[in-house]
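The values are calculated or read from the model by the stated rules, or taken from the named source; none is laboratory data. Just so it is clear, the model here is predicted, and its values are computed rather than measured. Cβ coordinates were reconstructed from backbone atoms using ideal geometry, including for glycine residues, and neighbour counts include every protein chain displayed. Please note that ligands, DNA and RNA were not included when accessible areas were found on the heavy atoms of the full protein model with its side chains. Shrake-Rupley method; radii C 1.70, N 1.55, O 1.52, S 1.80 Å.
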Amino acid sequence: MANNNSLVGGGSSVRKINYRVILVQVLIALFLCINFLLIITFFMKDFFYTTMRYILFAVTLLSDCLIMIVTNFMLIFDYFHLTMQIWHCLIFYILSAVYTVVTPLTLTAMTLERYVAICMPLRHGELCSTRSTMHCIFIIHGLSSVPCFIVLSTFFASASNSVYTQYNACSAEILILQKWQGHLRSAVYQFYFLIMCIIIVFSYIKIMKVAKAASGENKKSTWKGLRTVILHAFQLLLCLIQLWYPFINNAVLQINFMLYINIRYFNYITFFLAPRCLSPLIYGLRDEMFFRALKYYALSGLYKKKSLNSFN
């Protein structure tokens with residue numbers, strides 16, 4: 001399909017904007033506004049950027065903003081049949097490939113942080129310090145780069161020199177020149193998510209045991225942490241399905257082109273945008289301290305400023 005849409009010299013064919021494109025732009029604009037407001041709130045209070053769970057929350061927000069912007073550009077280029085040289089497409093691919101994995105890995109790290117806070121409270125300060133958080137962020141980005149590195153390595157080893165100057169529709173699929181490359185990419189992603197699912201299940205079981213044995217205020221805090229883990233698991237499930245929908249899209253494309261277009265937009269909204277709107281819900285609205293700070297800064301233009309010391 002990509003080759004059929006390619007135009008020599010990077011030209012384009014004009015298409016009318018339909019309701020699907022408008023819907024995606026509205027949703028992305030809404031999510032970006034919410035995320036930017038949350039990011040501003042994060043940097044307005046010292047406590048947030050010295051606490052591991054809030055720092056990791058900010059990482060997911062920044063990652064989600066970047067991936068939404070990049071994939072939206074790719075979606076618009078694809079819809080209007082705009083083409084580019086493979087070298088330029090590689091930049092879009094690297095950003096999208098790396099930060100597609102950063103968010104679920106960060107969610108897994110946040111789950112482990114909840115596990116340490118609830119099941120190992122005496123070691124929480126040591127294991128979840130600001131320094132440890134910085135190391136964790138570097139590890140997350142390093143692990144997120146591995147699948148991208150594997151795909152690019154196999155592409156550079158297989159592609160001829162003339163490929164890099166060709167104009168084509170930009171998508172991850174144009175880097176897969178052989179079937180075995182696609183199988184390798186799929187295997188790496190499935191391995192990553194298998195490990196993440198194991199960590200989520202392990203943390204859930206351990207926190208559940210502590211929740212049953214806890215009492216009073218500790219029990220309330222533990223059950224709240226358990227619900228957070230469940231929400232992270234739901235996010236990871238949606239991200240896992242995101243890895244399957246290219247196979248679904250290709251199968252549907254063989255049946256009916258218009259059905260393929262409809263399903264592609266449905267998958268993008270349901271399995272790509274939806275998981276990224278849950279992060280603000282989990283830590284932006286459910287977290288009492290962050291929500292109070294968010295409400296304060298959101299309404300600061302309407303009401304008199306007052307001290308935020310009560311949040312400490």
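Details
- Ranked from largest to smallest solvent-accessible area, with a 1.4 Å probe on the protein heavy atoms, Met74, Met134, Met120 come out as Met134, Met120, Met74.
- Probe 1.4 Å - accessible area at His81, Å² to nearest ten: 40 Å²
- Residues whose amide H falls under 5 Å from that of Tyr167, counting only those 5 or more places apart or on a different chain, are Gly9, with hydrogens built in the peptide plane.
- Per residue, in Å², the accessible surface of region 71-228 once ligands and nucleic acids are set aside, probe 1.4 Å: 51 Å²
- Label-reachable residues, region 65-90, where backbone N falls under 19 Å from a point 7 Å from Leu177's Cα toward its Cβ: 84-90
- For Trp223, solvent-accessible area (1.4 Å; no DNA, RNA or ligand), Å²: 90 Å²
- Difference of contour (0.36 nm per residue) and Cα-Cα distance, Gln190 to Phe291: 32.9 nm
- In terms of accessible area, using a 1.4 Å probe and ignoring ligands and nucleic acids, Met110, Met289 rank largest first as Met289, Met110.
- Pair Ile139, Asn18: separation of 7 Å Cα→Cβ label points (nm): 4.6 nm
- Value of relative contact order over region 39-159, rounded to a whole percent, pairs C-alpha under 8 Å and six or more apart: 33 percent
- Accessible area per residue (1.4 Å probe, heavy atoms of protein chains only) ranks Asp64, Asp46 as Asp46, Asp64, with the largest value leading.
- Each part reduced to its alpha carbon centroid, region 166-187 and region 90-114 end up 20 Å apart.
- Extension gain for Thr165 to Met44 (0.36 nm times residue separation, less C-alpha to C-alpha distance): 38.9 nm.
- Per-residue Karplus couplings for region 184-200, computed as 6.51 cos²θ - 1.76 cosθ + 1.60 with θ equal to phi - 60°, are listed in order as 5, 4, 4, 5, 5, 5, 5, 5, 4, 6, 5, 4, 5, 5, 4, 5, 4 Hz, Gly and Pro entered as x.
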